[in-house]
Amino acid sequence: MLTTINKVSAHVGDEVKIGGWLYNKRSSGKIQFLQLRDGTGFIQGVLVKKQVSPEIWEAASTLTQESSLYIWGTVREDERAPSGYELDVTKIEVIQVADEYPISKKEHGVDFLMDHRHLWIRSSRQQAVLTIRAEIIRALQDYLDQNDFTLVDPPVLTPSSCEGTTNLFHTKYFDEDAFLTQSGQLYMEAAAMALNKVYSFGPTFRAEKSKTRRHLIEFWMIEPEMAFVEHEESLKIQEQMVTYVVQRVLANCQFELKTLGRDISRLEKIQAPFPRITYDEAVELLHKEGFADFKWGEDFGAPHETKIAESFDRPVFITHYPTELKAFYMKPDPNRPEVVLCADLIAPEGYGEVIGGSQRIDDPKLMEERFEQHQLPYEAYQWYLDLRKYGTVPHSGFGLGLERTVAWICGLDHVRETIPFPRMLNRLYP
Ligand code: 4AD
Ligand code: MG
């Protein structure tokens, strides 16, 4: 019976057949220990010379790293094995003896590994990251699906910008100009007026010349948008969603977190409610913590965010940024129009901003004023202005960057390992 390594526990004492790859091999002359992986897990196959035919013993001897094979064996419980099980091998069928594998046990430079990303993703660490990424996506969608959000897919090709024009990817759309989306938000606002609570999940593109460990050119964002939900309520939804995601990873990905050597105690602390500080308070904190020159009105960079995060053991919301710093659509605080009803969620341990969100301007007059101030072309955004004309309502939304969230939960130094094939300033291959 063909099975997979993650299912062997159901077959103790039975003979099973597994399709997999060899990642390591040891031999004592009388016994060969075959370390196998099949993408669902890792298991050791034990091949005893006296118990198999000379052909099978010979075939096993030819196996190189990443050779592909079918293997038959009896499943045995073994406390010493990392997975808890071993396979007493009865037969193997080699599919291919692999060429000499470029990634060996020795240390490789990051550039070399990135050039071989198509092979690097086979390693146990990368497999753990990609498994956790998939669990995070599932958890995000489950949370939203179970809380009355409807999935809506905004376009990737767009005629105009959402977060400002400086980092747009330009392309031709037949005879017209078009851009790859930086955020589905404006379309999600339209969708919220049609379906109340909505979210999108998809790739977004930023032609940023930033070369930092937090920036990708192509990254995935989940963007909820909610009619009749104001700033405060939106923060509650964000902290509940993030708590749910972290708890799901803790519940379902213990093996992967262990593979990565993640300090689980840091993740166990992630429980709503999250602390909230205003931009003003954050500036004060920076003044006391070695950034005496920081001026009100400046944006926070990575060192500032890291410093602010150090004061908290869970993610912290920084709210009420200066209006000047933020996007045109954010609603000013009615008591203090020089700041907006917005929040960035800063992850602990120096992972930086994982969510950006705000209440949106719902007043048609004010929205028109913003269009003047930001010199936005009315024609391109006529549809967006319509939303403020035909039954405008208070509404809020936010965008969670998937890769930064994965980097934080996995405890990785760099977002390049959080996505199967990263697109970065100097990398479009493989
Ligand atoms: O703060 P941003 O730019 O917000 C928006 O795009 C809003 N329109 C979202 C909304 O309200 N619907 O991006 C949101 C998040 C950031 O907090 C960050 O996690 C991630 O997207 N992000 C990036 N991740 C990787 N590489 C980049 N270059 C990123 N830029 C933003
Ligand atoms: Mg932001």
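The numbers here are math on the coordinates, done by the rules we state, and not lab data. Since the model is a prediction, treat every value here as computed from it, not as a measurement. We place every Cβ from the backbone using ideal geometry, glycine too, and count neighbours over all the protein chains shown.
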How high is the relative contact order of the chain? Use alpha-carbon pairs under 8 Å, at least six apart in sequence, and give a whole percent. 13 percent
Which of the GluC sites (Glu not before Pro) found in the stretch 219-276 are in a DSSP loop and have at most 15 neighbouring Cβ atoms, other than their own, within 10 Å? GLU230
Trypsin sites (Lys or Arg not before Pro) within the stretch 1-102: DSSP coil, no more than 10 neighbouring Cβ in 10 Å: LYS30, ARG80
Quotient of Cα Rg and 2.2 N^0.38 Å for the stretch 5-96, N being how many residues it contains: 0.96
Taking other Cβ within 10 Å of each residue's Cβ, how do TRP220, TRP383 sort, fewest first? TRP383, TRP220
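Viscosity 1.002 mPa s, temperature 20 °C: give me the Stokes-Einstein translational D for the chain in µm²/s, with Rh taken as the Kirkwood radius over C-alpha pairs.
Values: Rh = 24.5 Å.
Calculated translational D: 88 µm²/s.
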Zone of ARG276's modelled label, taken as backbone nitrogen in the stretch 229-267 under 12 Å from a point 7 Å along Cα→Cβ: 230-239
Size of the dipole of the stretch 260-314 about the Cα centre, Lys and Arg at +1 and Asp and Glu at -1 on the beta carbon, nothing else charged, in debye to 20? 280 debye
Expected output is a single nm value to one decimal: the length gained when fully extending between SER311 and LYS295, i.e. 0.36 nm times separation in residues minus the C-alpha distance. What is it? 3.7 nm
Through the Karplus equation 6.51 cos²θ - 1.76 cosθ + 1.60, θ set to phi - 60°, convert the phi angles of the stretch 68-75 into ³J(HN,Hα) values in whole Hz; use x for Gly and Pro. 9, 7, 9, 9, 10, x, 9, 7
Inter-part gap, Cα centre of the stretch 287-353 to Cα centre of the stretch 217-279, in whole angstrom, is 18 Å
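Is the C-alpha gyration tensor of the stretch 59-208 telling us rounded, prolate or oblate? Criteria: a/c under 1.5 is rounded; beyond that, a/b larger than b/c is prolate, otherwise oblate.
prolate
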Starting from the Cα-Cα distance between GLU58 and GLN141, subtract it from 0.36 nm times their residue separation and give me the gain in nm to one decimal. 25.0 nm
Span from the the stretch 125-186 Cα centroid across to the the stretch 2-53 one, whole angstrom: 41 Å
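What net charge is computed for the residues neighbouring GLU368, neighbours being all others with C-beta under 11 Å from the C-beta of GLU368, Lys and Arg scored +1, Asp and Glu -1?
+1
So how much slack lies between THR40 and LEU151, counting 0.36 nm per residue of separation and subtracting their Cα-Cα distance, in nm?
Stretched fully, the THR40-LEU151 segment lengthens by 37.1 nm.
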Highest-first arrangement of 345-352, 163-170, where packing means the average Cβ count within 10 Å: 345-352, 163-170
Looking at this model, which pairs from LYS197/LYS389; LYS197/LYS307; LYS7/LYS49; LYS211/LYS258; LYS269/LYS295; LYS211/LYS269 are more than 23 angstrom apart at the alpha-carbon? LYS197/LYS307; LYS7/LYS49; LYS211/LYS258; LYS269/LYS295; LYS211/LYS269
Could you calculate the FRET efficiency of GLN373 with ARG266 from 1/(1 + (r/R0)^6), where r is the beta carbon distance between them and R0 is 41 Å, rounded to 0.05? 0.45
Could you work out the Rg to Rh ratio of the stretch 151-238, with Rh taken as the Kirkwood radius (inverse of the mean 1/r over all Cα pairs)? 1.02
Work out from phi, with θ = phi - 60° and the Karplus expression 6.51 cos²θ - 1.76 cosθ + 1.60, the ³J(HN,Hα) of each residue of the stretch 82-93, listed in order in whole Hz, and give x for Gly and Pro. x, 8, x, 9, 9, 10, 8, 6, 10, 7, 9, 10
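Restricting to the chain, compute how many DSSP beta bridges are antiparallel as a %, nearest 5. Mind showing how you got there, number by number?
Values: 71 of 82 bridges.
Antiparallel bridges: around 85 percent, rounded to the nearest 5.
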1/(1 + (r/R0)^6) with r = Cβ-Cβ of SER123 and LYS50, R0 = 30 Å, i.e. FRET efficiency to nearest 0.05, evaluates to 0.30
